[in-house]
Amino acid sequence: MAQVPVQTIHRDPQLFYWILIPITVVMILTGILRHYATVLMATTPKKQDLPAIREQRSLLRGINLRTNANAISAPAFQARKDYLVTAYEKWSFLERAKYEGTSGTEPDDGSRGDGRNDGHDEGEHGYDCATNIDYGVD
């Protein structure tokens, strides 16, 4: 049987200088151009006023308290819950300008008839029907 000839590829020794280096330079310049085009096209973020930030953070504080209720003792949870509920009822954390013209202490006027607070203050297992918050207390 005849042997299969070994295939060899002869390449130009200048291949590295004439092909690979220009491609690398073009790719780097393309990346830099894309970066600056993205930076120039991006809009500056809108600055929020202090009451809006305070409202968002207080709502996150309430959500975090509800989520991590099982990680703290019952008296500590009750004290924090009472503090937040009192502050929410006094509108200490809420942005008033957003809710001007609404009646009562709730942000909406209650005329939607969505079934919230149907005469029940607190449901079974620590579920507050008026605000739809499950405090995780049995």
Query raised in the report: Of GLU106, GLU124, which residue is surrounded by 13 or more Cβ atoms within 10 Å (Cβ to Cβ), at pLDDT below 85, in a loop (DSSP other than H, G, I, E, B) and out of contact with any His (no Cβ under 8 Å at 6 or more places or on another chain)?
Result: GLU106
Report task. Kindly check whether there is at least one residue in segment 59-71 that is surrounded by 11 or more Cβ atoms within 10 Å (Cβ to Cβ), touching a strand residue (DSSP E or B) at 6+ places or on another chain (Cβ under 8 Å) and under 18 Å from ALA87 (Cα atoms). Result -> yes
Query raised in the report: What are the residue pairs meeting all of these: first residue in segment 31-58, first residue of a type in the set (A, V, I, L, M, F, W, C), second residue at pLDDT below 95 and part of a loop (DSSP other than H, G, I, E, B), Cβ atoms under 6 Å, and 6 or more apart or on different chains?
Result: ALA52/GLU95
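The values are calculated or read from the model by the stated rules, or taken from the named source; none is laboratory data. Everything quoted here is computed from the prediction, not taken from an experiment. Virtual Cβ from ideal backbone geometry, glycine too; neighbours counted across all protein chains shown.
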